[in-house]
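What follows is a single structure, written as structure tokens, with notes after it.
The values are calculated or read from the model by the stated rules, or taken from the named source; none is laboratory data. All of these numbers come straight from a predicted model, not from anything done at the bench. Using ideal geometry, Cβ is built from the backbone for each residue, glycine included, and neighbour counts are taken over all protein chains shown.
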Amino acid sequence: MTAQILDGRATAAAIKSELAERVKVLADKGRVPGLATVLVGDDPASHSYVAGKHRDCEQVGISSIRKELPADVSQEDLEKAIDELNEDPACTGYIVQLPLPDQIDTNAILERIDPAKDADGLHPTNLGRLVLNVNEPMTSPLPCTPAGIVELLDRHGVELKGKHVVVVGRGVTVGRPIGLLLTRREINATVTLAHTGTQNLGELLAQADVVVAAAGRPHMIKADQIKDGAVLLDVGVSRIEDPETGKKKLTGDIDPAAAEKASWLSPNPGGVGPMTRAMLLVNVVESCERAEGILQ
Ligand SMILES: Nc1nc(=O)c2c([nH]1)NC[C@@H]1CN(c3ccc(C(=O)N[C@@H](CCC(=O)O)C(=O)O)cc3)C=[N+]21
């Protein structure tokens, strides 16, 4: 068997064209959604991610606002930038690109974001609502990568009901929140959260119907560890040297040979990354719809 592809690029494109219609409805009411990005320092990867987000916005008709601050910015000046965006009516949602430099208290920054403008869905209030299930169906933003994974599987007709999902990785953006979504009654999966300190990872993987690999360790999940017909989501991103060209390239947590045993594979790149970006746009459009009373 070779896995069918969970095509994140095509699915994200479909979501974007649906969003463009919703943005038109808002624009007709005189309300243009606006995404702002706050970028600190000059890390090339962060710059390229943020540039991608602005391109996405343009395609959907969302206006975009950029704030760029130097790598040595003080906590106070970064907080000032956050306060400005909280006050700015043209900014209906925003993100602070992570990671932030060492002198910055990241959690204090994330907490300062107005939860109604939190495009990442990572504000403690919004994560708390996820725990409490009060954002069912859509009263507050969901974290983008978990929401993107659910949407990607749903749009390919991959059923999660009663399935055992093994998540590898305990990061704040993926591993910790994803189980809260997958165990909701309407999805009804069973979730095991494993991480790099898990002793019997092999035993867990052998039982997994679905593997969400989000540890950021290149090719850590091998073909001989997974069940025949498992669904694989490759989420972690690393830059490794391509042995053929000697150049750095992006790669995921799943060994490419594992595709031979899987029923479905979301590749990396081309899988969950574009979905994460699409869900960011969903959050921005929905926060604007909520403000207009279109969504509750
Ligand atoms: N506040 C904040 N929110 C984030 O959502 C956030 C962040 N900080 N910091 C960094 C990570 C990383 N991240 C990615 C999103 C999309 C792709 C993506 O679309 N990747 C393409 C490949 C892009 C390329 O080739 O460079 C793909 O997977 O096909 C990658 C990485 C969001 N992050």
Counting only residues that are part of a strand (DSSP E or B) and not hydroxyl-bearing (Ser, Thr, Tyr), which one in region 57-76 is farthest from the chain's Cα centre (by Cα)?
LEU69
Does LEU181 qualify as being farther than 17 Å from ASP234 by Cβ, surrounded by 15 or more Cβ atoms within 10 Å (Cβ to Cβ) and in contact (Cβ under 8 Å) with a residue 24 or more places away in the chain?
yes
Please report, ordered by residue number, the strands (runs of 3 or more DSSP E) entirely within region 200-296 with at least 3 residues that are within 17 Å of the chain's Cα centre (by Cα) and touching a residue at least 24 places away in the same chain (Cβ under 8 Å).
210-213, 231-234
Anything in region 77-105 that is under 13 Å from VAL40 (Cβ atoms) and within 18 Å of the chain's Cα centre (by Cα)? List them, or say none.
ILE95, VAL96, GLN97, LEU98, PRO99, LEU100
Applying the selection to region 248-296, what residues are surrounded by fewer than 17 Cβ atoms within 10 Å (Cβ to Cβ), within 13 Å of the ligand (Cβ to nearest atom) and of a type in the set (A, V, I, L, M, F, W, C)?
LEU250
Can you find, within region 184-227, the residue that is nearest to the ligand (Cβ to nearest atom) among those that are exposed (fewer than 15 other Cβ atoms within 10 Å of the Cβ), modelled with pLDDT of 95 or more and acidic (Asp, Glu)?
ASP224
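Let's see how each residue does on (1) within 30 Å of ASP228 (Cα to Cα); (2) among the small types (Gly, Ala, Ser):
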site	(1), (2)
THR2	yes, no
LEU6	yes, no
ARG9	yes, no
ALA13	no, yes
LEU26	no, no
GLY34	no, yes
GLY41	no, yes
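Give the residue, chosen from GLY121, GLY93, that is within 13 Å of the ligand (Cβ to nearest atom), in contact with a Pro (Cβ under 6 Å, 6 or more places away or on another chain) and at pLDDT 95 or above.
Residue meeting the stated conditions: GLY121.
Based on this model, can you work out whether ALA45 counts as away from the ligand (no atom under 13 Å from the Cβ), aliphatic (A, V, I, L, M) and not in a loop (DSSP other than H, G, I, E, B)?
No.
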Within region 1-46, the count of residues that are surrounded by 15 or more Cβ atoms within 10 Å (Cβ to Cβ), under 26 Å from VAL158 (Cα atoms) and of a type in the set (Ser, Thr, Tyr) comes to 1
